[in-house]
Amino acid sequence: MFLAIFGSLLPFEHWTFVYEDALGVTPFSPGHILGTDNNGYDLLSSVIAGTRMSIFIAITAVGLGGLVGSALGITAAFVRGKIDLVLSTAFNVGLAIPNLVLALALVSVLATNIDMTVPVPMWRRITVLVISLTIVLIPILGRIARGATLTWSGREFVTAARSMGMRDMQIIRKHIVPNVLPALIAVAFLAVGVVIIAEASLSLLGVGIPDGGSWGGMIARGRNDIEYSPHVLYIPVIFLALTVISTNHIGEVLRGRLDGRESKV
């Protein structure tokens, strides 16, 4: 996270700068703390740029997916009836499709040009990737929001608020959302790790961020150099793994505290 926020302020060359006199040097070489790859790209600069890109994609996709999914899930659980039936069916259909396959299909279709000789702009790849991962997350977070809303909507204070004439939107805003939000935040940290891995997988398959612009792009670019320069592959994998482990741990800690909080209510 530090690299994602302050990486651009560090005194390093741009990650696309080629060191022609230092091709494939090992970590802790003079002027290259993490070494370079066989193309002459400094791995520390690439990791900084990849951190910003991977974290941005993950947080944006999880934020949008959580916003849309929670709105649909809370609506389905609170209104019930046909709306709940339709939305629950849509969630189940979305969950039935393998996440990576769905994201791969969406990115492959939307982030390609008819004329294969014309490169796809980076902004288009990022936008399509974020939208695809958001679509994948909506049914997951929607089901979680629906389940949490069903739990809290049956509590005594909600029944008391309704008996006092409080409108449904007021009940949702004052009683449902504040109690559902902690569960969504806990799951969101777990989802960030999932999205980072999904983005890396898509880049490894050739439909994500190209040319080493993310951790997945670095892994894809260095996979052919593992025999002669294994550090080119291991370094982005280590950063990716540590980030995913950290977000999963935060999510588990928040989930544990949430379970303790609900047991006291």
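Some values worked out for this structure:
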quantity: Magnitude of the charge dipole, the stretch 38-180, Cβ model with Lys/Arg +1 and Asp/Glu -1, debye to 20; calculated: 520
quantity: Residues whose placed amide H lies under 5 Å from that of Asp42, excluding near-sequence neighbours; calculated: Tyr19
quantity: Positive-pole candidate from Phe56, Gly206, Asn248, dipole of the chain, charges at beta carbon; calculated: Asn248
quantity: Extended-chain gain in nm, criterion 0.36 nm per residue less alpha-carbon gap, Lys174 and Ile238; calculated: 18.8 nm
quantity: Per-peptide average of other Cβ atoms within 10 Å, ordering 105-112, 194-201, 26-33, 90-97 highest first; calculated: 194-201, 105-112, 90-97, 26-33
quantity: Helical mean residue ellipticity (222 nm; -39500 (n - 2.57) per DSSP H run of 4+; nearest 500) of the chain; calculated: -23500 deg cm²/dmol
quantity: Whole-Hz couplings from phi, Karplus 6.51/-1.76/1.60, listed for the stretch 101-107; x for Gly and Pro; calculated: 5, 5, 5, 4, 5, 5, 5
quantity: Cα→Cβ-extended label distance, 7 Å offset, between Glu156 and Val86, nm; calculated: 3.7
quantity: Difference of contour (0.36 nm per residue) and Cα-Cα distance, Ile185 to Asn224; calculated: 10.2 nm
quantity: Acute angle (nearest 10 degrees) that the helix 231-264 long axis makes with the longest principal axis of the chain, alpha-carbon atoms; calculated: 20
quantity: Loop-exposed trypsin sites (Lys or Arg not before Pro) per DSSP, neighbour cap 16 Cβ within 10 angstrom, longest uninterrupted part of the chain; calculated: 168-265
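Since every read-out is calculated from the coordinates, none of them should be taken as a lab result. Only a predicted model underlies this, so the values are computations on that prediction, with no experimental measurement involved. Ideal geometry is used to build each Cβ from the backbone, glycine not excepted, and the neighbour counts take in all protein chains shown.
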